Amino acid sequence: MGVKTFLANQLRKPSGWFGRKIAGIFLNKANSTLEDMGLKIMNIQPSSNILEIGFGNGRLISLMGNKLTSGKIVGIEISKEMIAAAKKKNQQLITSGKLTLIEASLDNIPAKDDSFDKVFTANTIYFWPSIDLNMQEIKRTIKPGGLFYCAIRAKSEMLQQSVIRDNQDTFVNLFEKEELKIFLEKSGFINVKVQEEKGKPFTNIIVQGTKK
């Protein structure tokens, strides 16, 4: 396996020594501006019930948890190494009962219908294995009137990176912002909006939609 393929696979699912020692630092650097933008626009209330998909080492969970009183966070993640790191970082939230972290995929989210006020994910949609079914599974868990926030980098910017350009069998779902907006609308979300903040080397993009 070449270095670029190794890195692409680690970005999809951190594992082994790289997952334990390096991935959290790398992903924080890659995702932090998207997470901070999401924190601003989600308007989290003290009673909000939130799902984060692909939470990495739990950086955003820590920030969201500070805003909650009666609300709760559920995080799902496919990487055992990231779950361990997030548990260590957010032990106080777990002990208080505000946070549950679960090893799970989008094929079967361990939550009842209409569970969450807000669902957030950053830089994960590229890797979803069955994107149409996965989106419907996410929508199932959102309360009517609840919001889904999908944070991405634009396809045109992503493909400027050789790791991504050379591993499009791993980065299978790349979107421009308007393409993602259309996808959310076709998936049944209403009031779909695109928000963006200029940055280098990537523009921060969050597309949000409301469940009917």
| query | Which of the residues that make up the stretch 80-89 are over 13 Å from Arg59 (Cα atoms) and in contact with a helix residue (DSSP H, G or I) (Cβ under 6 Å, 6 or more places away or on another chain)? | reply | Glu81
| query | Residues of the stretch 49-66 being closer than 18 Å to Gln91 by Cβ and either in contact (Cβ under 8 Å) with a residue 12 or more places away in the chain or surrounded by 21 or more Cβ atoms within 10 Å (Cβ to Cβ) (or both), which ones? | reply | Glu52, Phe55, Gly56, Asn57, Gly58, Arg59, Leu60, Ile61, Ser62, Leu63, Met64, Gly65
| Can you tell me which residues in the stretch 67-77 are surrounded by fewer than 21 Cβ atoms within 10 Å (Cβ to Cβ) and in contact with a Leu (Cβ under 9 Å, 6 or more places away or on another chain)? | Lys67, Leu68, Lys72
| Subset of the stretch 41-93 [under 20 Å from Thr210 (Cβ atoms) and small (Gly, Ala, Ser)] | Ser47, Ser48, Gly71
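A quick yes/no check of all residues on (1) open to solvent by less than 40 Å² (accessible area, probe 1.4 Å); (2) within 24 Å of Val3 (Cβ to Cβ); (3) part of a helix (DSSP H, G or I):
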{"position": "Lys112", "(1), (2), (3)": "no, no, no"}
{"position": "Asp117", "(1), (2), (3)": "no, no, no"}
{"position": "Thr121", "(1), (2), (3)": "yes, no, no"}
{"position": "Tyr126", "(1), (2), (3)": "yes, yes, yes"}
{"position": "Met135", "(1), (2), (3)": "yes, no, yes"}
{"position": "Ile138", "(1), (2), (3)": "yes, no, yes"}
{"position": "Phe148", "(1), (2), (3)": "yes, no, no"}
{"position": "Ala151", "(1), (2), (3)": "yes, no, no"}
{"position": "Val163", "(1), (2), (3)": "yes, yes, yes"}
| remark: When Leu101 is run through (1) within 19 Å of Ala151 (Cα to Cα); (2) touching a residue at least 40 places away in the same chain (Cβ under 8 Å), the failure sits at (1)
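Counting only residues that are in a helix (DSSP H, G or I) and of a type in the set (D, E, K, R), which one in the stretch 180-208 is nearest to Ala154 (Cα to Cα)?
Looking at the filtered set, the residue picked out is Lys181.
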| Mind checking which residues of the stretch 165-181 are of a type in the set (Lys, Arg) and either farther than 20 Å from Gly38 by Cβ or open to solvent by 60 Å² or more (accessible area, probe 1.4 Å) (or both)? | Arg165, Lys177
| remark: Looking across the stretch 22-80 at residues that are among the polar types (S, T, N, Q) and part of a helix (DSSP H, G or I), the single one that is modelled with the highest pLDDT is Ser62
| said: Take the conditions touching a residue at least 12 places away in the same chain (Cβ under 8 Å) and not in a loop (DSSP other than H, G, I, E, B) and apply them to Ile83. Does it pass? | reply: yes
| said: If I ask for residues that are open to solvent by 30 Å² or more (accessible area, probe 1.4 Å) and assigned to a loop (DSSP other than H, G, I, E, B), which ones from the stretch 86-110 would you list? | reply: Gly97, Lys98, Ser105, Asp107, Asn108, Pro110
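The values are calculated or read from the model by the stated rules, or taken from the named source; none is laboratory data. A quick note: this is a predicted structure, and the numbers were derived from the prediction, not measured. We place every Cβ from the backbone using ideal geometry, glycine too, and count neighbours over all the protein chains shown. The protein model used for the area step is the full one, side chains on, heavy atoms only, and it has no ligands, DNA or RNA in it. Shrake-Rupley method; radii C 1.70, N 1.55, O 1.52, S 1.80 Å.
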